[in-house]
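Everything on this sheet refers to the single structure shown next.
The values are calculated or read from the model by the stated rules, or taken from the named source; none is laboratory data. Quantities reported herein were computed from a predicted structural model and do not represent experimental measurements. We place every Cβ from the backbone using ideal geometry, glycine too, and count neighbours over all the protein chains shown. Remember, those area values only see protein heavy atoms, side chains included, never the ligands or the DNA or RNA. Shrake-Rupley method; radii C 1.70, N 1.55, O 1.52, S 1.80 Å.
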Amino acid sequence: MDKNLSNQGNASSSRRNFIKNSALAAAGFTIIPRHVLGGKGFLAPSDKLVIAGVGAGGKGRSDLFNFNASGKANIGFLCDVDDRAATTSRERFPKAKYYKDWRELFEKESKSFDAVSVSTPDHSHAIIAMGAMQLGKHVYVQKPMTHDIWEARKLTEAAKKYKVVTQMGNQGSSGDGVRQMREWYNAGIIGDVHTVYIFTNRPVWPQGIPWSKETPPVPKGLDWDLWLGTAPQKNYVDNLIPGSWRGWWDYGTGALGDLGCHLMEAPFSVLNLKYASDVQASVSSVFTAFGERGFFPDSCPPASHATLTFPKTNKTQGPVTMHWMDGGIKPERPEELGPNEMFGDGNSGILFVGTKGKMMASEYAANPRLLPLSRMDEVHVKQTFARVPGSAEGHYAQWVEGAIAGYGNMELSSPFELAGPLTEAILMANLAIRVADIPVPRKSGKGNDYPGANTKLLWDHQNMRVTNYDAANQYVKREYRKGWGSIG
């Protein structure tokens with residue numbers, strides 16, 4: 001375990017002891033096979049996965065419900081920095097012991113649970129997931145896997161190192177839709193794909209705004225310092241929790257982080273994409289007065305368009321250009337789509353453009369369709385990919401069963417091996433979005449230029465660096481707040 005993680009600053013001695021000794025405490029766990037304990041259909045208590053849920057409100061609430069609904073998991077522990085958010089989960093799982101600080105939970109209870117579900121704001125994903133893996137615990141992490149590119153790479157490496165079963169919470173990767181599109185593509189129905197368009201109406205929270213100057217009192221039940229976690233120290237503000245943190249770079253990753261894992265997973269899976277070679281972006285401007293462009297570096301822009309290039313793979317004859325559009329921006333409607341036919345699902349969509357045709361899908365890669373839609377009655381291909389029981393909703397049970405089976409014994413839809421490169425691509429697009437909005441004073445005359453908006457960022461994925469625009473590299477890896485150490 002990295003010694004830096006033990007540097008807990010002013011944290012309590014018990015928290016320091018957890019960080020220091022977590023690797024030594026990781027003794028793993030043993031599951032007695034059900035066939036030893038009983039006959040067909042018998043599910044022994046030791047066959048159930050005991051889960052500690054870090055983040056018990058919001059998405060964490062529904063995640064825990066779905067794990068429990070699998071019939072093969074026990075929710076043994078709950079952890080949330082906000083008592084208000086945890087109310088429903090605590091009522092639903094009254095036997096689960098409750099903590100506010102995940103570090104205390106891990107230190108005191110590590111021998112009593114087998115796996116950890118991480119459903120917190122983006123900026124806390126990596127440090128919690130890494131702490132769990134270092135204890136030998138299987139991990140389910142909500143999308144996006146991490147807040148930073150560097151974190152994604154480290155977690156991907158750690159999953160292999162500690163031999164734990166991992167899954168990112170992009171349920172569409174377990175859906176029937178992406179498997180149907182893989183079968184169409186492998187059968188050559190649309191030829192070789194060279195361009196992919198992805199669009200969404202997100203964000204549906206405020207972005208492109210200044211940080212509030214108000215300093216209201218912290219609500220009762222919320223531990224604001226724990227909520228901040230690895231992020232810089234700031235005073236509490238209203239209207240950030242429970243969901244609008246997504247629009248602030250210190251905590252969230254914007255529309256890309258929210259929906260990118262649901263929408264970009266399909267082209268990654270269908271085309272076997274890995275690491276992008278370059279990215280460029282344009283963003284919407286916010287004017288505070290006539291001719292006065294606002295600069296709000298803490299907040300994501302209201303809308304953006306990022307373009308990534310992926311090198312040739314064994315499934316593509318040449319490079320693939322992927323367009324990401326958010327804030328309600330959409331690409332031109334494909335000419336094969338009728339004037340009154342729905343493009344994507346209206347709010348979000350994925351369009352594959354191939355040399356012999358096109359196919360599209362909705363959010364989560366649901367409702368896949370060939371274009372023109374009349375081809376749906378004409379084209380029939382053999383099913384070659386097994387479907388996940390329960391489709392997208394089976395994503396939860398799949399991880400539970402995979403964890404019970406043990407590392408390397410079951411194929412999952414979004415293990416860190418696959419989710420890591422996908423997350424890196426999403427966060428790489430955010431590099432271009434962030435630098436596109438940075439003003440640089442003109443050397444002569446008044447006003448600013450925006451060189452980042454006019455630069456294609458060249459990416460060295462091996463070293464995780466932009467090679468031609470150094471200003472972007474500050475966002476590859478952030479420094480954690482004092483007292484929160486590092487993950488490596």
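Measuring with a 1.4 Å probe in the full set of protein chains, what accessible area per residue, in whole Å², belongs to segment 121-189?
Per residue, segment 121-189 has 20 Å² of solvent-accessible surface.
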Quiz item: Which loop GluC sites (Glu not before Pro) in segment 214-319, with loop taken from DSSP, have no more than 15 other Cβ atoms within 10 angstrom of their Cβ?
Solution: Glu214
Quiz item: Thr195's amide H: which non-local residues (gap 5+, or another chain) put their own amide H closer than 5 Å, with H modeled 1.01 Å from N in plane and none for Pro or chain starts?
Solution: Thr321, Val353
Practice problem: Run down the aspartates and glutamates and flag those whose C-alpha is under 20 Å from the C-alpha of Lys220, throwing out any fewer than 8 positions away in its chain. | Solution: Asp80, Asp82, Asp83, Glu91, Asp101, Asp238
Quiz item: Of Pro232, Ser284, Pro267, which is farthest on the positive side of the dipole of the chain, counting Cα position, with +1 on Lys and Arg Cβ, -1 on Asp and Glu Cβ, and the Cα centre as origin?
Solution: Pro232
Quiz item: What length, rounded to one decimal in nm, is gained on full extension from Lys382 through to Thr309, with 0.36 nm per residue of separation minus their alpha-carbon distance?
Solution: 23.2 nm
Exercise. Assign unit charges at the C-beta atoms only (+1 for Lys and Arg, -1 for Asp and Glu), then state the dipole size of the chain relative to its Cα centre in Debye, rounded to the nearest 20.
Key: 1060
Quiz item: In nm, to one decimal, how far is the Leu373 label point from the Asn454 one, both placed 7 Å along Cα→Cβ?
Solution: 4.4
Quiz prompt | List Tyr364, Tyr450, ordered by accessible area with a 1.4 Å probe, largest first | solution = Tyr364, Tyr450
Quiz item: Taking 0.36 nm per residue of separation and subtracting the Cα-Cα distance, what length does fully extending Glu411 through Lys482 add?
Solution: 21.7 nm
Practice problem: Compute the signed sum of charges (Lys and Arg +1, Asp and Glu -1) over the other residues within less than 15 Å, Cβ to Cβ, of Gly188. | Solution: +3
Quiz item: Tell me which lysines have Cα within less than 18 Å of Lys213's Cα, excluding those fewer than 8 residues away on the same chain?
Solution: Lys234
Exercise. Please give the net charge around Thr313, taking every other residue with its beta carbon less than 15 angstrom from that of Thr313, where Lys and Arg add +1 and Asp and Glu add -1.
Key: +3
Exercise. Apply the Karplus parameterisation 6.51 cos²θ - 1.76 cosθ + 1.60, with θ equal to phi minus 60°, to every residue of segment 192-197 and state each ³J(HN,Hα) to the nearest whole Hz, in sequence, with x for glycine and proline.
Key: 8, 7, 10, 9, 10, 10
Quiz item: Percent antiparallel among DSSP beta bridges with both residues in the chain, to the nearest 5?
Solution: 60
Self-check item: Accessible area of segment 325-405 belonging to carbon and sulfur atoms, whole % at 1.4 Å probe
Solution: 50
Exercise. List every residue whose amide H lies under 5 Å from the amide H of Tyr99, counting only residues 5 or more places away in sequence or on a different chain, with H placed 1.01 Å from N in the peptide plane.
Key: Leu78, Cys79, Asp80
Self-check item: Label corresponding to semi-axes √(5λ) of the Cα gyration tensor in Å when calculated from the structure given, among (i) 35, 24, 22; (ii) 39, 30, 22; (iii) 35, 31, 20
Solution: (iii)
Practice problem: Take the solvent-accessible surface of the protein heavy atoms, probe 1.4 Å, and return the percent of it on segment 124-243 that carbon and sulfur atoms account for. | Solution: 51
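Let a ≥ b ≥ c be the square roots of the eigenvalues of the Cα gyration tensor of segment 287-359; is it rounded (a/c under 1.5), or, if not, prolate (a/b larger than b/c) or oblate? Before the final figure, lay out each step's value.
Values: a/c = 3.26, a/b = 1.58, b/c = 2.07.
Verdict is oblate for segment 287-359.
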Quiz item: For Lys160, which aspartates and glutamates qualify as cross-link partners when the Cα separation must be under 13 Å and same-chain residues fewer than eight apart are set aside?
Solution: Glu417
Exercise. Holding the Cα-Cα limit at 21 Å, pick out from Lys154/Lys312; Lys274/Lys330; Lys72/Lys95 the pairs that are longer than that.
Key: Lys154/Lys312; Lys274/Lys330
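Would you tally the net charge around Lys143, using a Cβ to Cβ cut-off of less than 12 Å, leaving Lys143 out, and scoring K and R as +1, D and E as -1?
Local net charge: -2.
By Kyte-Doolittle mean hydropathy of at least 1.0 and Cα axial length of at least 27 Å, which whole DSSP H helices of the chain are selected? Please report the intermediate quantities before stating the final value.
Values: long enough: 416-436 (30 Å, 1.16).
Qualifying helices, which must be both long enough and hydrophobic enough, are 416-436.
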Quiz item: What figure in square angstrom, to the nearest 10, would you give for the accessible area of Cys79 with a 1.4 Å probe?
Solution: 0
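So how strong a dipole does segment 265-349 carry about its Cα centre when Lys and Arg Cβ are +1 and Asp and Glu Cβ are -1, to the nearest 20 debye?
It works out to roughly 320 debye.
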Quiz item: Which of the listed residues, Ser117, Gly58, Tyr407, is farthest toward the dipole's positive end in the chain, when Lys, Arg count +1 and Asp, Glu count -1 at the beta-carbon?
Solution: Tyr407
Quiz item: With θ set to phi - 60° and the Karplus curve 6.51 cos²θ - 1.76 cosθ + 1.60, what are the ³J(HN,Hα) couplings of segment 321-338 in order, to the nearest whole Hz, using x for Gly and Pro?
Solution: 9, 10, 9, 10, 10, 10, x, x, 6, 10, x, 4, 4, x, 5, 6, 8, x
Self-check item: Length released on extending from Arg90 to Glu157, taking residue separation times 0.36 nm less the Cα-Cα span
Solution: 20.7 nm
